[in-house]
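*Asks:* Quick one: the structure is below, questions incoming.
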Amino acid sequence: MEKLPMTAGGLKGLQDELKHLKNVERHAVIKAISEAREHGDLSENAEYHAARERQGFIEGRIKELEDKVARAEVIDISKLSGQDVKFGATVTLIDEDTDEKTTYQIVGIDEADIKKGLLSIGSPLARALIGKSIGDVCDISTPAKGHKSYEILEVSYK
């Protein structure tokens, strides 16, 4: 069973969503199905079919989240240090073409939010950064922007 690296905050987010689905959404969809059944003929009852579809989605998501929580490997970033980029690192980069500085923290796949500066460990940029140090240059090819080069200016663990 492959472990999923994530921060403590990432695990908490998955656990909160799982709890909400089990304790709120699951009960709401059961109630909606029950109410739709009271309307009679189920073969032409759009509310019933929509509620059943929603129930299938919720149950699938619950199974997916239970699996991810079971395989979670929480990395305590506060215990990490050094100048090498690894999971949990906050990395400041400079685009060698535009001289634009950006800062990203490398986090688990389910935690990623590029608008908040949270870069998925599975992304091409994060994979290129892992193992590099301050002053190193990493080259990546992206579908949207083509070939890009970034220099690592700073690595920290916050």
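*Asks:* Return the residues of the stretch 73-86 that are closer than 15 Å to residue 128 by Cα and out of contact with any helix residue (DSSP H, G or I) (no Cβ under 8 Å at 6 or more places or on another chain); say none if nothing qualifies.
*Replies:* Across the stretch 73-86, the qualifying residues are 84, 86.
*Asks:* So, one more: With the structure loaded, tell me whether residue 81 is surrounded by fewer than 12 Cβ atoms within 10 Å (Cβ to Cβ), over 22 Å from the mean Cα position of the chain (by Cα) and farther than 30 Å from residue 138 by Cβ or whether it fails that test.
*Replies:* No.
*Asks:* Select from the stretch 27-63 the residues that are of a type in the set (Asp, Glu) and closer than 29 Å to residue 15 by Cα and write down the one among them that is farthest from the chain's Cα centre (by Cα).
*Replies:* Among them, the one singled out is 53.
*Asks:* Being charged (D, E, K, R), touching a helix residue (DSSP H, G or I) at 6+ places or on another chain (Cβ under 8 Å) and within 30 Å of residue 109 (Cβ to Cβ) narrows it down to one of 66, 47, 35, so name that one.
*Replies:* Result of the check over 66, 47, 35: 66.
*Asks:* Let me ask something else. Under 16 Å from the mean Cα position of the chain (by Cα), of a type in the set (A, V, I, L, M) and farther than 30 Å from residue 131 by Cβ, is that true of residue 18?
*Replies:* yes
*Asks:* Pick out the one residue from 77, 58, 114 that is aliphatic (A, V, I, L, M) and out of contact with any strand residue (DSSP E or B) (no Cβ under 9 Å at 6 or more places or on another chain).
*Replies:* Only one candidate qualifies: 58.
*Asks:* Looking at the structure I just gave you, is residue 12 over 30 Å from residue 135 (Cβ atoms), among the basic types (Lys, Arg), free of Cβ contacts under 8 Å to residues at least 24 places away in the same chain and surrounded by 12 or more Cβ atoms within 10 Å (Cβ to Cβ)?
*Replies:* Here the answer is yes, as residue 12 does meet what is asked.
*Asks:* Name the single residue, out of those in the stretch 96-133 being of a type in the set (Gly, Ala, Ser) and part of a strand (DSSP E or B), that is farthest from residue 152 (Cα to Cα).
*Replies:* That would be 120.
*Asks:* While we're here: Quick check on my filter: what residues within the stretch 16-67 are among the aromatic types (Phe, Trp, Tyr) and buried (at least 16 other Cβ atoms within 10 Å of the Cβ)? Show your work before the answer.
*Replies:* Narrowing the stretch 16-67 to residues among the aromatic types (Phe, Trp, Tyr): 48, 57.
Answer for the stretch 16-67, where residues must be among the aromatic types (Phe, Trp, Tyr) and buried (at least 16 other Cβ atoms within 10 Å of the Cβ): just 48.
*Asks:* Which one of the conditions (1) among the polar types (S, T, N, Q); (2) more than 23 Å from residue 146 (Cβ to Cβ); (3) in contact with a helix residue (DSSP H, G or I) (Cβ under 7 Å, 6 or more places away or on another chain) does residue 120 fail to meet, given that it meets all the rest?
*Replies:* All conditions are met except number (2).
*Asks:* Which residue, of 121, 109, 134, is over 17 Å from the mean Cα position of the chain (by Cα), in contact (Cβ under 8 Å) with a residue 12 or more places away in the chain and surrounded by 11 or more Cβ atoms within 10 Å (Cβ to Cβ)?
*Replies:* Exactly one of 121, 109, 134 is over 17 Å from the mean Cα position of the chain (by Cα), in contact (Cβ under 8 Å) with a residue 12 or more places away in the chain and surrounded by 11 or more Cβ atoms within 10 Å (Cβ to Cβ), namely 134.
*Asks:* Looking only at the stretch 37-55, which residues are among the polar types (S, T, N, Q) and closer than 16 Å to residue 25 by Cα?
*Replies:* Of everything in the stretch 37-55, just one residue is among the polar types (S, T, N, Q) and closer than 16 Å to residue 25 by Cα, namely 55.
None of the figures in this text is laboratory data; all of them are computed from the coordinates on show. Keep in mind it's a predicted model, so treat the numbers as computed, not measured. Because the Cβ atoms are built from the backbone with ideal geometry, glycine has one as well, and the counts that use them run over all protein chains shown.
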